[in-house]
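The values are calculated or read from the model by the stated rules, or taken from the named source; none is laboratory data. If you're wondering where the values come from, they're calculated on a predicted model, not measured in any experiment. Cβ coordinates were reconstructed from backbone atoms using ideal geometry, including for glycine residues, and neighbour counts include every protein chain displayed. Surface accessibility is based on the protein's heavy atoms, side chains included, excluding ligands, DNA and RNA. Shrake-Rupley method; radii C 1.70, N 1.55, O 1.52, S 1.80 Å.
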Amino acid sequence: MIKTSTRLFTKNSFFMSKKPGIVKFFRRNAVAYMFLTPWLLGFLVLTLYPMVYSLWLSFTNYDFTQPDSTQWIGLGNYLKMFGPVFGLSEFTASTGEVMRVDPYYLKSLSVTFTYVFVSVPLKLIFALAVALLMNQKLRGVSFYRAVYYIPTLLGGSVAIAVLWRKLFEKDGLVNGLLGAIGFTDLPGWITNPNYALGTLVLLSVWQFGSSMIIFLAGLKQIPEEYYEAASVDGANKVQQFFSITIPLLSPVILFNLVIQMISAFQVFTQAYIVGGGRGGVLNSTLFYTLHLYIQGWTYHEMGYASAMAWVLLLIIGVLTAIVFRSSNWWVSYGAGE
Amino acid sequence: MGLGNNMKTSRVVRLTLTHLFIIALGLLMIYPIVWMIVSSFKPNNMIFSDPGLIPKAVTIENYVSGWKGYAGTSFGRFFANSFLMCAVAIVGNLLTCTMAAYAFGRLKFVGRNFWFAVMMITLMLPAHVTLVPRYILFNTFGWVGSYLPILVPKFLATDAFFVFLLVQFIRSLPKELDEAATIDGCGQFGVFSRIIVPLASPALVTMALFTFLWTWDDFFNQLLYLTRPETFTVARALRTFVGDAGAVSNWGGTLAMAALAMVPIFILFFALQKYFVQGITTTGIKG
């Protein structure tokens, strides 16, 4: 998939084409841009302009309820986020106003990072394991695949988030099951700050379906002969896995890793519902986007929310770049073609 | 195991074990969902901590109480709202994403590579960077509280995932057909409507499906923009069952309506399964 898209970038179709007449040239371009107009308009009005605007807002104290008193506060919003790192509890903004730092920002950052770094690898490992299991000549694989995809199909919905709350409450289903096999003194998983995030990690790993389907498609691309040759040479299953499957699957692993990482940083619905619109007990499930929503829409501090959004964009951008950079070491693009 | 004459039996045993393992794991995976559906038919006081899948008493009282909805508006209205919203969203995406994809996938124009690169970048962009200004913009238009902030972007091809999916698909179609149609006197519009759209219909079905799924489940935008109970969608209305700090008073009704909210997705998934798989493998769409 990634390969095809890079090919689209490099293929220089315009200059390769036959020399048209000047009228034909303009007409062709006019028609093409007509087809492109809705997208172009959407990009300019709903993406480019808002991005520039939100970058500007991030340096202001824009309050949705009193937009007329908006002032430029320089890096104030960013200090509000990261002030506690430097031991600040309040600071003077460029307007002369004393601003308090956000005591919960770093918490939301650590909750989100923990979630991403635990749930994404677990999800990918689980997805790969199930894909390997399914990548055999079994009858009914497409049915099994459908069943395993069901949690992913429904997982992002409010309905499932509500269900999750129910499952992991003190008197919920999970404790009912654990109680039935003899456990006692069980905690309320959702309401216990030590476990609340764990239940959301579990909810994420449960939705391994689309990674699994992509892995399965990747596994089908690996030629059978490689394994045959390897077993003739005396390689066992484990050696085959590490010297054939993993290297040949590495572009797919990279792809899944990037997609899942980007979406994990933006998780909202589950956290919002499980925490009842707040960050849960002791802010143990105060996800980044949830905190952003609360700042922007509960407290109307939209300048600050914009700054938070830009930091999120930077975090995702830098991490994605690091992953792509590191892929030089561990992703092989050779034999799979 | 491993002895030549035992190979066949050991293979059968291994296959059977694999099947059993996959089935057991699969049951574990969907157990919470099955439990939810079953529990929605249990009397309210028996839902708690009854992990069993066979209800001791069956009732539809949860559906009756849940259907009453929120603030005098019933779930009938919420479902109608959701369906209508999804239908319009699908029309928007079908129209504009297909147009953009045709331009990127087939037409030659100045700046194509540049705009395509831009489109690919928007694919990776977290929605939050545009969130606040969009909200302010829609608010100045007086659109907050209506479906316009959710639906207008669909008519501006903002779902870059689908544009990408369709570009991939359109590029895989044989060019000879376009050329033949051109020789027969078709203009670019004719090629688009008579050749590309019909041939791309599997990808269009995939796009319609995922548009439905995502719009149905897109809680965040519904939370932001739908403010009056009579405009609530199913997802937005389900949230009203969960109080602040997460307390739920009517668990039976909540589970019943949550189960009901999944029905349209279930039906579409099992009816059109292969389009789901196609959509996921071509773009890595998350579920």
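Summary table below
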read-out	value
Unique match (being surrounded by fewer than 17 Cβ atoms within 10 Å (Cβ to Cβ), assigned by TED's automatic domain parsing to the domain that holds residue A:268 and either in contact (Cβ under 8 Å) with a residue 60 or more places away in the chain or out of contact with any Leu (no Cβ under 8 Å at 6 or more places or on another chain) (or both)) among A:146, A:196, A:180, A:229	A:229
From A:153, A:138, A:122, A:128, residue being surrounded by fewer than 20 Cβ atoms within 10 Å (Cβ to Cβ), in contact (Cβ under 8 Å) with a residue 24 or more places away in the chain and assigned by TED's automatic domain parsing to the domain that holds residue A:315	A:122
The stretch B:132-146: number of residues that are open to solvent by 10 Å² or more (accessible area, probe 1.4 Å) and not in a helix (DSSP H, G or I)	5
Cross-chain or 6+ apart pairs with Cβ under 6 Å, the stretch A:292-303 first and within 16 Å of residue A:103 (Cα to Cα), then open to solvent by 30 Å² or more (accessible area, probe 1.4 Å)	A:295/A:301
Hits in the stretch A:302-337 - residues which are facing another protein chain (nearest Cβ under 10 Å) and of a type in the set (D, E, K, R)	none
Residue that is most open to solvent (accessible area, probe 1.4 Å), among those in the stretch B:82-96 that are more than 14 Å from the chain's Cα centre (by Cα) and farther than 19 Å from residue B:237 by Cβ	B:95
Segments classed as helices (runs of 4 or more DSSP H), wholly inside the stretch A:225-329, with at least 1 members that are at pLDDT 90 or above and more than 21 Å from residue A:160 (Cβ to Cβ)	A:237-240, A:246-265, A:288-293
Residues (at pLDDT 90 or above, in a loop (DSSP other than H, G, I, E, B) and of a type in the set (A, V, I, L, M)) located in the stretch A:175-224	A:222
Residue check for residue A:47: in contact (Cβ under 8 Å) with a residue 40 or more places away in the chain, under 29 Å from the mean Cα position of the chain (by Cα) and surrounded by 18 or more Cβ atoms within 10 Å (Cβ to Cβ)	no
Filter result for residue B:9 (without any contact (Cβ under 8 Å) to a residue 12 or more places away in the chain, among the polar types (S, T, N, Q) and open to solvent by 80 Å² or more (accessible area, probe 1.4 Å))	yes
Elements of type helices (runs of 4 or more DSSP H) in the stretch B:202-280, at least 3 residues being free of Cβ contacts under 8 Å to residues at least 12 places away in the same chain, within 30 Å of residue B:172 (Cα to Cα) and out of contact with any Cys (no Cβ under 8 Å at 6 or more places or on another chain)	B:251-271
